[in-house]
Amino acid sequence: MSDVKPIWRARAALAAVVAVCMTATVIAVSGADASNAGMRFVQSGHLVYNSTLGKVFHIDGGTKSVDSEVDVPDASPGSPSAQSDQNGFVLADGRTIEWGKSDLKVLDPQRAPSTEKPVALEVAGVVYAVYRKSGTVVRLGGERAVMTTTGPLGQPVATSDGTVWVYGLESGQLCQAALQATRLTCTAKVPLGHAGMLTLVGNQPVFLDLDAKELRAVGPAGFGRQMSLDGAQLTPDSIVAANDVAGRVAILDPKKNLLQLVDTSPLTSGSTAKPPAKPTAVSLGTGKYDQIASSGTGLALIDTSGDGTVLTLDRDGKQQQTRKIPAASKQAPRAPGDRPRLSRGGDSRLYVDGVAGEHVMVVEGNGQVTEVATNGQTGKPAPKPGKPKPSQPVPPSSKPTQPVEPPNTSGPPAPPRTTETQGPGRPQNTGNPPGTGKPPGSGKPPGSGKPGGPAKTEKPEPPPPAKTVPPKPPAPPTITASRPGAPRSVSAKAANASASITWGAAAANGAAVTSYVVTWSGGSKTVSGSVRSATATGLTNGSSYSFSVRAVNRVGTGPAVSSARVTLGAAADAPAGLTAVQSSGAVTLSWRRPNLNGGTLVSYGISQNGNSKKSTGTSYRWSGLTNGKRYTFVVTTVTKTSDGRVLVGAGATISATPQAPGGNGTLRISKGTAVDSDPDVCQPGICFNIHIRATGLRPNTAYMFQGHTTNYGELHKEGPEELTSNSQGVIDVQKFYNDDTAGQVWVTATGPGIPAQSNVMDW
């Protein structure tokens, strides 16, 4: 633990430097206007981590350009990046690096549940990081939640309301977590031995069963409508796009390089009167295609042979463009197995990240592909213009300038002028070389002409020196007004049947902002350009709303920025992270404050078996209980709305059994043996078992044990593990392997004569 803290402190110091530097130097997304200096990211577009430069770049999908950047120098090569409404994230190996969009403050990295590279889903203002190998889903960008299931996961999907769906490859479970959920709920199970994957048709989760050759809708109530895929060619290697394309599911066979588009109209309409259209089969030719994504109106595939190629198709499978993916530079750091990555953005565009993140290919719905280099410019950077050089005086020539005489058209030609003597023994420059047919005496040496001595030479006057002309200052650039930029830091606060929305100024871009337009589901409101807030009224209590703000000037309307979703006038959610620690005659409950949904906290209610208590804090110790008896506790949140109504929120439930120490029974833990585990499960080198030693127990008696850590919660959450004492009443084992190097660890136990909790130790 001692060698970890200095690293975090160093990163915190680095983060502060990054925030200060970026605030001073980075140009805002919608212009360089000072009023917009805090805004660096918009809600649409795409983030990419350039491991060569140690920076994250934001790609504006509309303009096909880099509009912002932030220094994240210690992320690992090939790390995925994603953005929520308010924050950006780099999902590095074993860590999550986060910064705020409005202030660019880079926070200390948080420990991730796995060292694998997760799948990132951006939806409803949050980010889901899905660690498929370890079976863990982490929600970022709101109320952070870590949700686990048993075994590895297939392709995840997320609906527009923020519900994530996952498929357990070994368990066959189809599980979901809504936007505010703290755990996964499994609603359906695939038949034993069947393989398949999840996709979305419209906004409906659908399971493609490769063995049954059918599509089955799935929801909170389990499986719904289904349709046969008898006409499709399906194999265990088939890959399905995570979203449909114009109502058809795109299925790729990477072995045959065959793409099939399957009509889903019977599934979506529920009508069997009209049979589905025959699947469209498209041969992709040679290549190694193992990634496919849909924008909703078109498709993109990655051919990873060579340096990689992106292929785009329209909704009918007709090829649109083929573009080579730029290779990474020689100095680019790479992780083993790095390759181009294809993903779908929140703006429904498709993005292809080149290796090392030095280039991004933006794919529009019509199949058009545009290359963007992560240096803030589209394509290759233009050469920098040189500085104008001041004019210099022109010195006189070492050779006299020959005067140019007009041709003589009347009378004999005038004798030519000669130059001054250039020195003894050197020919004189007569201006007319021999043999040119010039008048007599032309081209002859001095003294060979007329009698009376050498020819008279005339010494011409030297030309005046050229005047030094100072360079003209460059003309100021012509500023052309354009639509305003994006408003900054849009946020909403819930109230009773209403919400208040606030934002920061948008860049004027050459024409003053005249108004702001606030829109939401079912309404809109326009305010003056000098106003930075608005109130939306006539809303429905208990409903969730997101509010978008656009700036308007004389040229037009700028891009919209949306707030996070808020729920109006509703009861609070269930308290999050409820835990119980039992002791002799008592149970101590702890929880986290939930979403109050626009209300004001009054208190927390704790009840068990008809008895109730109150607490204004997030913990409560319930004493006076009977050792060995199991109790069930329910914790709720009481809030008050702005109109004075008192609401009781949903309850969180947990059970616990208080225990007495019992005689000479002891329970102690220490750091145990090293574990060389799968890096995706427990990191070698810092992964150790917990050494559990309990004495003074009943001989040959079963006891229940559970490991805990401050950062992970329960260790190995499949439930308490049963251990049996030996004939001397001793349990001495190595259990609950753990790599939480920055947390505290303890073990709880239930059974006759054993303490309810061990000592707590720094790990």
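The values are calculated or read from the model by the stated rules, or taken from the named source; none is laboratory data. Just so it is clear, the model here is predicted, and its values are computed rather than measured. Because the Cβ atoms are built from the backbone with ideal geometry, glycine has one as well, and the counts that use them run over all protein chains shown. Only protein heavy atoms, including side chains, enter the accessible area calculation; ligands, DNA and RNA are left aside. Shrake-Rupley method; radii C 1.70, N 1.55, O 1.52, S 1.80 Å.
Values as computed for the structure displayed
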read-out: With every protein chain in place, the stretch 63-206: carbon and sulfur % of accessible area (1.4 Å); value: 49
read-out: Extension reserve of the T588-V646 stretch, reckoned as 0.36 nm per residue once the Cα distance is removed; value: 18.2 nm
read-out: Net charge, F547 excluded, C-beta distance under 12 Å - Lys, Arg +1, Asp, Glu -1; value: +3
read-out: Reduced Cα scattering model of the stretch 693-732, Debye log10 I(q)/I(0), q = 0.14, 0.32 Å⁻¹; value: -0.37, -0.97
read-out: Spin-label proximity, N759 to the stretch 694-709 - amide N less than 17 Å from point 7 Å beyond Cα toward beta carbon; value: 694-696, 708
read-out: Packing-based order for 666-676, 630-640, using average beta carbon neighbours within 10 Å, highest first; value: 630-640, 666-676
read-out: Two-site label geometry, L192 and D290: point separation in nm, points 7 Å out along Cα→Cβ; value: 3.2
read-out: FRET E, pair Q331, T304, Förster distance 22 Å, beta-carbon r, rounded to 0.05; value: 0.50
read-out: Trypsin sites (Lys or Arg not before Pro) within the stretch 537-596, DSSP loop, no more than 16 other Cβ atoms inside 10 Å; value: R554
read-out: Residue pairs, from the table K189/K274; K189/K256; K493/K614; K613/K640; K117/K255, whose Cα atoms sit over 20 Å apart; value: K189/K274; K189/K256; K493/K614; K117/K255
read-out: Computed Rg/Rh of the stretch 126-202, alpha carbon atoms with Kirkwood Rh; value: 0.94
read-out: Overall dimensions of the stretch 717-763 by Cα: Rg and Dmax, Å; value: 12.3, 37
read-out: Sulfur and carbon atoms: percent of accessible area, the stretch 479-624 [1.4 Å]; value: 45
read-out: Gained length - L601 relative to N700, 0.36 nm times residue gap less alpha-carbon distance; value: 30.7 nm
read-out: Euclidean distance of C-alpha centroids, the stretch 735-762 and the stretch 558-584, integer Å; value: 29
read-out: Segment T280-V730, length gained on full extension (0.36 nm per residue, minus Cα span); value: 155.2 nm
read-out: Point-to-point label distance, E714-N496, nm (Cα→Cβ direction, 7 Å offset); value: 4.0
read-out: Sequence ranges 504-511, 576-583, ranked by mean other-Cβ count within 10 angstrom, highest first; value: 504-511, 576-583
read-out: Per residue, in Å², the accessible surface of the stretch 578-716 once ligands and nucleic acids are set aside, probe 1.4 Å; value: 49
read-out: Spatial separation of Cα centroids for the stretch 149-222 and the stretch 495-539, in angstrom; value: 39
read-out: Pairwise FRET efficiency - T653 versus A221, Cβ, R0 = 22 Å, nearest 0.05; value: 0.50
read-out: Computed label-point distance, nm, for sites K613 and D316 using a 7 Å Cα→Cβ extension; value: 7.1
read-out: Global form of the stretch 169-241, assessed from the alpha-carbon gyration tensor, a/c cut-off 1.5; value: prolate
read-out: The stretch 97-178 - accessible surface per residue (Å², probe 1.4 Å); value: 32
read-out: Accessible area (Å², per residue) of the stretch 505-548, counting only protein heavy atoms and a probe of 1.4 Å; value: 45
read-out: Packing rank of 684-694, 490-500, 315-325, where each peptide gets the mean count of other beta carbons within 10 Å, highest leading; value: 490-500, 684-694, 315-325
